[in-house]
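> This structure is in structure tokens; I'll ask about it shortly.
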Ligand SMILES: Cc1ncc(COP(=O)(O)O)c(C=O)c1O
């Protein structure tokens, strides 16, 4: 049986987005962040398309994802010239397998540096590492005060190929934010101080999507890599500039389950949050919060049927949602419903839903349900 709810991934749009980011930041390289199964959309299709478009650096959050991605790149013949990098953390028991697989690892402290080096020496190879410096994210990495000393000591270890150094910003969605400006200055000073001690790095990086849009200096020397995630999908943080003209990659579609005309005074759904003032044609669509429709859409958002915006009326339930189809001629069970994406001249984006829910597009995209079929459109 075909699934009723599907998310369509527009590979053409994805590749165009990658190209726009690459052109915007060149000569810096784009490291494509495909963690969490490419934000839930399917790492296989994303990796194949992006590798085909020229991406040679990929980032993930943890070892399972790294190995999954390694399998995809091997299948499409890109293992030799593409690197896979864990951006967050690696645990002691995970290190030997990661080193053996040639995954680029983050060094988040002295102990990690030694453990990675020891594992590499044991198998007679060098482990490629990037120093992860905490300049203010407060989550993971070498604390700033110790950074130079840790980097110096680690660079002397026999098993490490210390090819990179990076940091991450918690507030780069705000172009006026002095904290990010301070982070950039302090990180640059650290890189310069390391260079003065003969410790130079092939890759220096700081910018994720927010900084790409709001802090263009993060794509210029000494920086030569940016890490792009949400912009690949065509979304942005709700605040800040949109320097890139990226386009939405995903469309979430379902079908009408039933159409009925309900009389005035009828209430719709759990909690009876909507009461019809007059007899109204209501379609019940086959998607709910189990598919990723936020509860916040209730009485505040629209879906598209035959190019017409149809207001969501009543609470979103697990599998079904009721919409007002008064303005849609000839709507019937089985018709296509575009929850996210284009229909006629209309469009609904993950960013629109994020605004309704008071969240960001990451939350919307990563929340698409497991029963939603991922369909890749070439
Ligand atoms: C270290 C790191 N770099 C880059 C990214 C990509 O961020 P974005 O999706 O905002 O581009 C993330 C995602 O959270 C991250 O944790």
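> Hey, could you check segment 166-202 for residues that are under 17 Å from residue 57 (Cα atoms) and away from the ligand (no atom under 13 Å from the Cβ) and say which is surrounded by the most Cβ atoms within 10 Å (Cβ to Cβ)?
Selected residue: 201.
> Do the conditions hold for residue 79, that is, is it closer than 17 Å to residue 59 by Cα and within 16 Å of the ligand (Cβ to nearest atom)?
Answer is no for this residue.
> If you don't mind, another one. Quickly run through segment 18-67 and pick out the residues that are out of contact with any helix residue (DSSP H, G or I) (no Cβ under 6 Å at 6 or more places or on another chain), assigned to a helix (DSSP H, G or I) and away from the ligand (no atom under 15 Å from the Cβ).
Passing the criteria: 19, 23, 45, 48, 51, 52, 64, 67.
> Further, regarding this structure: Suppose we filter segment 343-363 for residues that are more than 11 Å from residue 248 (Cβ to Cβ) and in a helix (DSSP H, G or I); how many remain?
So the answer is 7.
> I've got another one for you. If you check residue 293 against the conditions, is it modelled with pLDDT of 95 or more, within 13 Å of the ligand (Cβ to nearest atom), part of a loop (DSSP other than H, G, I, E, B) and not assigned by TED's automatic domain parsing to the domain that holds residue 46?
Spelling it out, it is not the case that residue 293 is modelled with pLDDT of 95 or more, within 13 Å of the ligand (Cβ to nearest atom), part of a loop (DSSP other than H, G, I, E, B) and not assigned by TED's automatic domain parsing to the domain that holds residue 46.
> From the residues in segment 145-165 that are in contact with a helix residue (DSSP H, G or I) (Cβ under 7 Å, 6 or more places away or on another chain) and part of a helix (DSSP H, G or I), which one is farthest from the ligand (Cβ to nearest atom)?
153
> Moving to a separate point now. Taking residue 239 and the conditions (1) at pLDDT 95 or above; (2) more than 12 Å from the ligand (Cβ to nearest atom), which numbered condition does it fall short on, given that it satisfies the others?
With respect to (1) at pLDDT 95 or above; (2) more than 12 Å from the ligand (Cβ to nearest atom), residue 239 is out only on (1).
> Considering only residues that are within 15 Å of the ligand (Cβ to nearest atom), in a loop (DSSP other than H, G, I, E, B) and closer than 20 Å to residue 226 by Cβ, which ones fall in segment 82-114?
Hits for segment 82-114 are 87, 88.
> Just to check your reading of the model, which residue among 232, 252 is crowded, with 17+ Cβ neighbours inside 10 Å, within 16 Å of the ligand (Cβ to nearest atom) and touching a residue at least 60 places away in the same chain (Cβ under 8 Å)?
232
> Note down all Cβ pairs under 7 Å where the first residue falls in segment 81-101 and is assigned by TED's automatic domain parsing to the domain that holds residue 67 and free of Cβ contacts under 8 Å to residues at least 12 places away in the same chain, the second is part of a helix (DSSP H, G or I) and within 16 Å of the ligand (Cβ to nearest atom), and they're at least six residues apart or on different chains.
Sorted first by the residue in segment 81-101, then by its partner, the list stays empty.
> Let me ask something else about it. Please go through segment 103-147 and give me each residue that is exposed (fewer than 15 other Cβ atoms within 10 Å of the Cβ) and within 28 Å of the chain's Cα centre (by Cα), ordered by number.
138, 139, 140, 143, listed by residue number.
> Among the residues of segment 269-287, is there at least one that is on the phi < 0 side of the Ramachandran plot and touching a residue at least 60 places away in the same chain (Cβ under 8 Å)?
yes
> Something else about it: Output the residues belonging to segment 203-222 that are in contact (Cβ under 8 Å) with a residue 24 or more places away in the chain, out of contact with any helix residue (DSSP H, G or I) (no Cβ under 8 Å at 6 or more places or on another chain) and away from the ligand (no atom under 12 Å from the Cβ).
Within segment 203-222, 203, 216, 220 meet the criteria.
> Answer with yes or no whether residue 71 is under 16 Å from the mean Cα position of the chain (by Cα), assigned by TED's automatic domain parsing to the domain that holds residue 164, assigned to a helix (DSSP H, G or I) and closer than 27 Å to residue 371 by Cα.
no
> When residue 59 is evaluated against the numbered criteria (1) surrounded by 20 or more Cβ atoms within 10 Å (Cβ to Cβ); (2) within 27 Å of residue 348 (Cα to Cα), which criterion, by number, is the only one it fails?
Tallying (1) surrounded by 20 or more Cβ atoms within 10 Å (Cβ to Cβ); (2) within 27 Å of residue 348 (Cα to Cα), residue 59 fails exactly one: (2).
The values are calculated or read from the model by the stated rules, or taken from the named source; none is laboratory data. For clarity, every value in this text was computed on a predicted model and none was experimentally measured. Heads up, the Cβs are rebuilt from the backbone with ideal geometry, glycines too, and the neighbour counts pull from every protein chain shown.
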